[in-house]
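Laboratory data are not the source of any read-out in this text; all were calculated from the coordinates shown. On a predicted model such as this, the values are computed, not experimentally measured, just so you know. Cβ atoms come from the backbone with ideal geometry, glycine included; neighbour counts cover every protein chain shown.
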Amino acid sequence: MLLRKVSQSSALCGSILRIPAGLSRGQRHAGAVVAVQNPRLYASQAAEAVLEKTAAVGSNTAAKVEKTISTESKSYAVNIFKGQIETAQVFPYPSALNEEQEQFLRELVGPVDKFFLEVNDAAKNDALEKVEDDTMQGLKEMGAFGLQVPSDLGGLGLSNTQYARLVEIVGTYDLGVGITLGAHQSIGFKGILLFGNPAQKEKYLPKLATAETIAAFCLTEPASGSDAASIKTTAVQSSCGKFFTLNGSKIWISNGGLAEIFTVFAKTPMKDPKTGEMKDKISAFVVERSFGGVTSGPPEKKMGIKASNTAEVYFDNVRVPADCLLGELGEGFKVAMNILNNGRFGMAAALSGTMKGVINKAVDHAANRTQFGNKIHNYGVIQEKVARMAMLQYVTESMAYMISGNMDSGAKEFQIEAAISKIFASEAAWTVTDECVQVMGGMGYMKDTGLERVMRDLRIFRIFEGTNDILRLFVALNGFQNAGNQLKSLQKALKNPIGNAGMLAGEIAKRAKRKAGLSTGLTLQGTVHPELAQSGELTAKAIEQFGGVTEELLLKHGKKIIDEQFVLSRVADCAIDLYAMVVVLSRASRALSEGSASAQHEKMLCETWCVEAHERILRDIKSLRSSQSRQLYKNMRAISAAVVENGGVVAPPALGF
Amino acid sequence: MSGRVLVGVKRVIDYAVKIRVKPDNSGVVTDGVKHSMNPFCEIAVEEAVKLKEKKFIKEVVAVSCGPQQAQETIRTALAMGADRGIHVEVTGKDYDTLGPLQVSKIFAALAKKEDAQLLILGKQAIDDDCNQTGQMTAALLDWPQGTFASEVSLEGDKIKVVREIDGGLETIKINTPAVLTADLRLNTPRYATLPNIMKAKKKKIAQVKPADLGVDITSRLEVLRVDEPPQRLAGVTVETVDDLVAKLKESGTI
């Protein structure tokens, strides 16, 4: 979404980056001082490019950008782009529940689990393409619709970690119900929780907590999916200022057909205070169906999560009172991004539950099925599948609770980690479920086994709430932005080289060592448990290399890195693997320190994961540096252009006809 | 009438758990094993709460005997609608040997102390299957008893109880105060809703010791050994009836 706007921005299109002849990579080693001097041109431009981009769309990151310039980031993901290890939010593994919260959570887990085991019928919900009425009523009475609403407004007031634990149970049994609940509270009315004023909270939250009214999040339009900033729904303020007139249509809105309360994003024309000209900026509104003019279409027929209602929602001259504005006028994009960012950890939590459920089915089969005279779990191929499934689930669960723990402890910077967890969880769950079907063979393909429904339910998770492709670009660009800022401050230091001689000498030496393949002293020793020292070193080395390659890429591409999607998605893959390595190191370290019964098993999961992740990262880094990859990207660009122009495959039929 | 009902709730190993005998054959493994409220006790609590909702009685008090964890079971009863709880603290070896006779003495003492109008228990616990506590308590109190109840209705100061017995159903009318034990079909226990669990946190659980009630809990029974049921041996298929008769004669069965 952010990207297309950038390439349209004339401010950036016009400026082409020129790399002076002297700055080819071979020279960098010897001319280290030269290398450091030149960042002034490229890095600052790169940083500015990203900054301009964010300013151009008036987005949430604008606020965050100010923060990252002025304060050091505590986010691990942000720092790896600078080749630094910031352990504040990742070691030790967060335990964000006090005794009372833990005790309360334990009491909640039983009844919720029991309800889903005995009352909810996922297969029935899927067949009916709605949540059964009795189940829906039971969920409402159970309080499942208001888990994070403050208790004085009728909800359970759960923290993010407590919410994650319950959502994990829902994910284990029924993702369709999970989306119905999530669309309502994780995004539907989250805006009111995060940005509502006291009057709005008092007015809406009590009925939303009991699900007397259901909520929906309305952002996507026919012509605006990933490119959310391009929405066309309008909300024009009346001359008296007392109301807005809302016009437009939204598609694929979860709970769209059921909701009474809609969080709607629309373009509001407003006067730019600096220039005085009228601009269209996005604002967020709480819209009630009872305002009149709000209609919804029939339920969409989907591949999966059939129990969840998805519908088009139309706004025809809807009169929205001015006090229904959510947040500030023109700040709607920030509201939208914050809502999505805030709810992302829930997806990782739910999917880690889903994976547990399907793995149980597969393992039960593998332990009992005999072929060729042995139970099939004795065969290497099956063993590898089961091991990989276990690792993927372990990483996902570790990410989910690390992020929820960070959020509960007051961390403000977690957007990259949250995006990583969404990408990882959705892809891991798909792979794991697919492999479970494979382990079960023909049985896995049969409806009664329940796995095919889970596969169909899972497919959407890589698409909605930010497609994984966009989120990868987000992870890479967000990381580059911060790394670019550091190079920018280096540039500032260069203006006074004598005063900053010490610091500059250190920076130069660091880069020289890195280039020569020597360690720059980056280590996790003393942070991870001694038994995991080796995996810790693999991680530290990988971060070192990663920091090196990101700097090279910034220097090489500058501003234009925004358009280098082949590069960006590989950079993101490295970042994802680096975060995955550190979360399992953290969790396994905790298990070993506590001497828990499963500590050795967790150590094995961690070590195996880290070795393979390290290999992947180095391979990606090599590819990012190689000229052959550049040729491959060029080829792929050309292939794609030809196929698109031809409206289909270009090569003539193998048989000639 | 005080309008107060006492409900006994027992913390047992969850019905879905696979039971394992300890290696020293002294009992079953309980450490780290999932526990929950005895299903018949859930039915008893549900009945008491229903009576309160129909305004036949005023207060439901949940009682459990055992170690610290028994409080979790009382909390579940509170989440289902009980008003307050009493935790009778019995720990260690005393808890291992605690049986129906001791528990019934405790319940009898509490029923008198709390001036209870009714005492409702589950018909039996799924761990020991004794089916004795209700009957013993009634005898100690010299109260009438309505056991294996599948239907209960209060009519003035009498109770009509439909009992499930071997021959079918038996309807009796007994005076209050009385002891009732709940059978499977008495009702379907409600699911504890999350808001109710939250409200239950504020309800009180009083702590007492058996000595405070003047009860001696020494056991008159000693468990010598606990064994798993013998492994079921594979059967043998026979072709004809004559073969069957021959095999049965062979094994000495006939």
Fraction of the pair-distance distribution of chain A above 50 Å, Cα-Cα pairs, percent: 14 percent
Percent of beta bridges antiparallel (DSSP, segment B:4-251, rounded to nearest 5): 40 percent
Projected-area mean, chain B, by convex hull of Cα positions, square nanometres: 18.0 nm²
Mean Cα-pair separation over length for segment B:4-251, i.e. relative contact order, pairs under 8 Å, 6 or more apart, %: 24 percent
Other protein chain Cβ atoms within 10 Å, averaged over every residue that makes up B:184-197: 5
Extent along principal axes [Cα atoms of segment A:71-180; Å; largest to smallest]: 53, 32, 23
Cα pair distances in segment A:250-373, grouped into 5 Å bins until the bin that holds the longest one, percent each: 2, 9, 12, 14, 16, 12, 9, 7, 5, 4, 3, 3, 2, 1, 1, 0, 0
For chain B, size of Cβ-based charge dipole, Lys and Arg +1, Asp and Glu -1, in debye: 1280 debye
Spacing of the two label points (7 Å from each Cα toward its C-beta) at B:GLN231 and A:HIS601, in nm: 2.5 nm
Cβ-based exposure ranking for A:VAL112, B:VAL90, in which fewest neighbours within 10 Å come first: B:VAL90, A:VAL112
Positive-end extreme of charge dipole, chain A - chosen from A:VAL644, A:PRO111, A:ASN360 (charges on Cβ): A:VAL644
√(5λ) per eigenvalue of the Cα gyration tensor, segment A:479-625, largest first, Å: 32, 19, 12
Projected label distance in nm at A:GLU277 and B:THR218, using a 7 Å step from Cα toward the beta-carbon: 9.8 nm
Number of partner chain Cβ atoms within 10 Å, mean per residue of A:249-261: 0
Cross-link table B:LYS22/B:LYS113; B:LYS50/B:LYS158; B:LYS52/B:LYS158; A:LYS271/A:LYS488, entries beyond 28 Å C-alpha to C-alpha: B:LYS22/B:LYS113; A:LYS271/A:LYS488
Helix-only CD estimate at 222 nm, as mean residue ellipticity for chain A, using -39500 (n - 2.57) per DSSP H run (n ≥ 4): -19000 deg cm²/dmol
DSSP H segments from chain B that extend 20 Å or more along their own axis, Cα-based, with Kyte-Doolittle mean of -0.5 or above: B:39-53
Test item: Cα-centred dipole of chain A, Lys/Arg +1 and Asp/Glu -1 on Cβ, debye: 2760 debye
Shape box of segment A:172-239 [Cα atoms, principal axes, largest first, Å]: 42, 32, 18
Inverse mean reciprocal Cα-Cα distance (Kirkwood Rh) of segment A:129-273, Å: 16.5 Å
Rg/Rh ratio calculated on Cα atoms of segment A:205-304 (Kirkwood radius): 1.02
Over segment B:82-183: Kirkwood hydrodynamic radius from C-alpha pairwise inverse distances, Å: 14.4 Å
Least to most buried among B:SER150, A:SER398, A:SER75, A:SER159 (fewest other Cβ within 10 Å first): B:SER150, A:SER159, A:SER75, A:SER398
Environment charge at B:ILE217 (Cβ cut-off 13 Å; Lys +1, Arg +1, Asp -1, Glu -1): -1
Dipole axis of segment A:232-331 (+1 Lys, Arg; -1 Asp, Glu on Cβ), positive-most option in A:PRO299, A:MET270, A:SER283: A:PRO299
Relative counts (whole %) of C-alpha pair distances in segment B:123-254, using bins that are 10 Å wide: 9, 20, 22, 23, 13, 8, 4, 0
Value at 222 nm in deg cm²/dmol, rounded to 500, when DSSP H runs of n ≥ 4 in chain B each add -39,500 (n - 2.57): -8000 deg cm²/dmol
Size descriptor, Kirkwood hydrodynamic radius, that averages inverse alpha-carbon separations across segment A:436-500, Å: 16.1 Å
Translational diffusion of segment A:499-563, µm² s⁻¹ [Kirkwood Rh, Cα pairs; Stokes-Einstein; 10 °C; 1.306 mPa s]: 117 µm²/s
Partner chain coverage, peptide B:126-138 - average Cβ within 10 angstrom: 0
Scattering curve values for segment A:604-657, log₁₀ I(q)/I(0), Debye with Cα scatterers, q = 0.17, 0.20, 0.28, 0.31 Å⁻¹: -0.71, -0.78, -1.00, -1.06
Debye, to nearest 20: dipole size of segment B:39-78, +1 on Lys, Arg Cβ, -1 on Asp, Glu Cβ: 220 debye
Once the Cα gyration tensor of segment B:4-46 is diagonalised, semi-axes √(5λ) in Å: 27, 11, 7
Rg followed by Dmax, in Å, when segment A:326-446 is reduced to its Cα trace: 18.8, 70
